[in-house]
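Let me begin by presenting the structure, written as structure tokens, before commenting on it.
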Amino acid sequence: MKKLLCISTLLALAGSCFAEPVRIVAYGDSITYGWIPNPNPPSTRYGPDDRWPGALQKELGDNYQVIEEGLDGRTTDARDPGSPISGAQLDGSAYLPACLASHLPVDLVVIMLGTNDLKPVFNRTPLRIAIGAAHLIDLVNNLNGGVGTTYKNPKVLLICPPPLNPQIEKGPVFGETFKGGLEKSQKLPELYEAAAKMGGAEFLNAGSVISTDGVDGLHLTADSERKLGIAVAAKVKEMALGQASQTTSGQASQPIPPGPNPNSQYRLGPDSMAQEAVPKGNIRGPYALPSKVYPGTQHTYWVYVPAQYDPEIPTALMIYQDGQAFKDQQGDLRAQNVMDNLIYRREIPVMIGVFINPGRKPDQPEPSPQTSWGDDTTNRRTEYNTPDDKYARVITEELMPVLYKEYNISKDPEQHGIGGSSSGAIAAFAVAWERPNDFRKVLSNVGSFVDLRGGYVYPERVLASEKKPIRIFLCDGRNDNRGTRNGVYDAKLDWFLQNVRLMKALAQKGYDVNYSWGVNLHGQKFGGAIMPDMMRWLWRDAPVSTDPNDMVERGFRQPVTKTN
């Protein structure tokens with residue numbers, strides 16, 4: 001028995017040794033560097049455990065790797081003409097992309113810069129300093145894989161540096177160097193928080209945790225450095241970066257089984273990639289769609305127009321919820337590539353594609369691949385997860401009239417499809433369920449038919465209602481979120497179970513339903529890999545010619561020739 005226990009322990013330790021740590025880059029100035037306060041510089045730096053990145057590492061443990069990138073004098077995006085390290089080298093924006101590219105993969109960038117921007121040599125207002133911080137967030141959000149790699153962009157935690165201490169004005173060096181900076185530094189927290197929100201970043205106000213208590217009025221004592229590291233660690237843990245899977249409601253999934261990551265075997269095939277000889281459609285937009293169904297909100301959408309679209313011929317339509325994710329050229333779905341390739345080979349009909357984001361208020365950030373899907377910053381939770389007809393009204397009463405006006409879209413509901421992933425999938429199903437005379441084809445990936453807003457009721461609704469003319473393809477994974485929260489299992493929050501329940505109800509009622517179950521986690525890995533097959537199956541009944549002499553039908557579908 002002891003031998004078995006020893007072996008089990010060794011296996012567990014081996015598993016933890018080979019797990020990839022969460023990688024964090026701490027990007028900042030002399031406070032991040034750990035500069036020891038001295039009113040008469042130069043100085044030296046604290047030891048690793050007394051610098052806030054070191055305290056962060058100690059607090060987070062071995063499942064995290066903190067990479068220190070602190071440099072004395074660094075600004076957000078200003079060049080310092082008086083520094084011994086001249087010009088752009090102290091400009092945080094000039095170095096950040098190369099810095100991150102050299103450390104990829106990176107899960108999180110913690111940025112704390114702006115104190116050096118207070119120097120009168122730069123003549124910057126507090127707003128201009130906050131704009132510099134926003135510039136840094138934007139650089140991270142648009143890193144796009146680094147150099148010769150395809151890693152996802154890291155998340156960002158923006159820290160507003162603590163205000164200067166009045167003691168600084170008495171210093172023989174820093175008093176003059178930071179003249180007028182004290183009042184400006186006190187105005188930064190509110191502006192930094194707004195910059196973080198606009199860029200989809202997390203925010204921490206260092207001044208709410210520590211003060212610039214060093215003797216020079218500019219830097220931190222070792223105690224404050226450690227306190228700051230502990231506060232940053234608490235914020236990082238709140239962000240749940242190390243969890244294998246995260247639902248759109250923020251509920252962590254239960255542990256995955258031993259062995260390779262369940263998503264490791266799912267890869268996009270050639271049908272999801274841009275092919276050189278295939279005519280490319282174009283994506284128009286973004287457009288804003290004001291909503292009366294959800295007053296005060298608007299929906300951003302884009303329209304994919306295939307190269308073969310002929311405005312003289314009524315065309316099919318496919319609408320994707322969470323449009324930003326479905327059209328992301330670096331993402332796991334790449335729907336426009338799928339449509340380009342399948343339309344060209346006549347495997348689906350010519351169709352207009354619409355990528356629509358969840359509704360948001362004008363002052364709320366737009367969901368994007370670089371920020372989030374909008375659960376906490378838009379109307380997504382309410383619109384997508386509530387099993388009623390309100391979102392169906394957005395699509396049929398607000399979006400469709402605009403599309404009919406701009407494009408020659410078939411009025412036949414058999415030619416209208418709608419799809420989504422996670423909460424977007426249950427939203428797509430609800431549109432077809434509530435408006436089967438408008439939409440009859442549904443693509444559902446890891447659908448959230450669970451108790452986020454009562455969506456687990458659909459199997460019972462299907463069985464209790466007259467059969468509707470809907471065709472649906474469901475896909476999900478055995479390692480999707482399985483309903484365990486704080487050690488307690490709730491079947492109504494088990495994604496995989498609820499997808500299977502819905503499939504069985506649809507099959508029992510005689511619906512045209514297809515499904516595929518993988519071993520994937522919550523997300524788009526499996527759904528993206530099989531999306532071309534899902535589209536082929538949903539659109540399989542497009543008309544064909546069996547005439548052996550019909551060389552047009554037997555050839556690839558060519559772009560429409562435009563005439564003046």
Would it be correct to say that Arg346 is outside any loop (DSSP other than H, G, I, E, B) and either surrounded by fewer than 23 Cβ atoms within 10 Å (Cβ to Cβ) or modelled with pLDDT under 95 (or both)?
no
Quick one: what pairs do we get from the stretch 355-370, first residue hydrophobic (A, V, I, L, M, F, W, C), second not in a strand (DSSP E or B), C-beta under 6 Å, 6+ apart or different chains?
Phe355/Gly323; Phe355/Phe326; Phe355/Lys327; Ile356/Gly323
Does the stretch 180-189 contain any residue that is buried (at least 21 other Cβ atoms within 10 Å of the Cβ), under 26 Å from Asp376 (Cα atoms) and modelled with pLDDT of 95 or more?
yes
Pairs, first closer than 9 Å to Ala316 by Cβ in the stretch 408-420, second among the charged types (D, E, K, R) and not in a loop (DSSP other than H, G, I, E, B), C-beta under 6 Å, six or more apart
Gly417/Lys441
Candidate set: the stretch 493-506, residues that are over 17 Å from Gly518 (Cβ atoms) and out of contact with any Gly (no Cβ under 7 Å at 6 or more places or on another chain); chosen: the one surrounded by the most Cβ atoms within 10 Å (Cβ to Cβ):
Leu506
Given the conditions (1) in the same structural domain as Pro532 (by TED's automatic domain parsing); (2) surrounded by fewer than 24 Cβ atoms within 10 Å (Cβ to Cβ); (3) closer than 22 Å to Tyr294 by Cβ; (4) of a type in the set (Gly, Ala, Ser), which single one is not true for Ser410?
(3)
Only one of these conditions is not met by Leu157: (1) in contact with a strand residue (DSSP E or B) (Cβ under 8 Å, 6 or more places away or on another chain); (2) touching a residue at least 60 places away in the same chain (Cβ under 8 Å); (3) closer than 16 Å to Leu118 by Cα. Which number is it?
(3)
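Considering only the stretch 131-221, give the helices (runs of 4 or more DSSP H) lying wholly within it that have at least 2 residues that are among the acidic types (Asp, Glu) and within 24 Å of Ala55 (Cα to Cα).
Numbers: elements: 174-177, 181-186, 188-198.
No helices (runs of 4 or more DSSP H) qualify here.
Evaluate the following for Val354: is it of a type outside the set (D, E, K, R) and over 20 Å from Ala427 (Cα atoms)?
Details: of a type outside the set (D, E, K, R): yes; over 20 Å from Ala427 (Cα atoms): no.
When the stated conditions are applied, Val354 does not pass them.
For residues that are in a helix (DSSP H, G or I), surrounded by fewer than 20 Cβ atoms within 10 Å (Cβ to Cβ) and among the aliphatic types (A, V, I, L, M), tally how many sit in the stretch 507-529. Steps first, answer last, please.
Residues of the stretch 507-529 in a helix (DSSP H, G or I): 507-508, 525-529.
Adding the requirement that they be surrounded by fewer than 20 Cβ atoms within 10 Å (Cβ to Cβ) leaves 507-508.
The next check asks that each one be among the aliphatic types (A, V, I, L, M); those that pass are 507.
Going through the stretch 507-529 one residue at a time, the tally reaches 1.
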Answer from Lys441, Lys492, Lys390 - the residue that is within 28 Å of His522 (Cα to Cα) and in contact with a Leu (Cβ under 8 Å, 6 or more places away or on another chain)
Lys441
Cβ-Cβ below 7 Å, separation at least six or inter-chain, first residue in the stretch 486-501 and under 13 Å from Pro459 (Cβ atoms), second at pLDDT 95 or above and in a helix (DSSP H, G or I): which pairs?
Ala491/Leu497; Lys492/Tyr456; Gln498/Tyr456; Arg501/Pro459
Checking Ile418 against (1) assigned to a strand (DSSP E or B); (2) within 20 Å of Trp495 (Cα to Cα), only one condition comes out false. Which one?
(2)
Residues being in contact with a helix residue (DSSP H, G or I) (Cβ under 6 Å, 6 or more places away or on another chain) and within 17 Å of Asp389 (Cα to Cα): count how many of those fall in the stretch 460-496.
2
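The values are calculated or read from the model by the stated rules, or taken from the named source; none is laboratory data. These numbers were taken from a predicted model, which means no experiment stands behind them. Methodologically, a virtual Cβ is constructed for each residue, glycine included, from the backbone with ideal geometry; neighbour enumeration extends over all protein chains shown.
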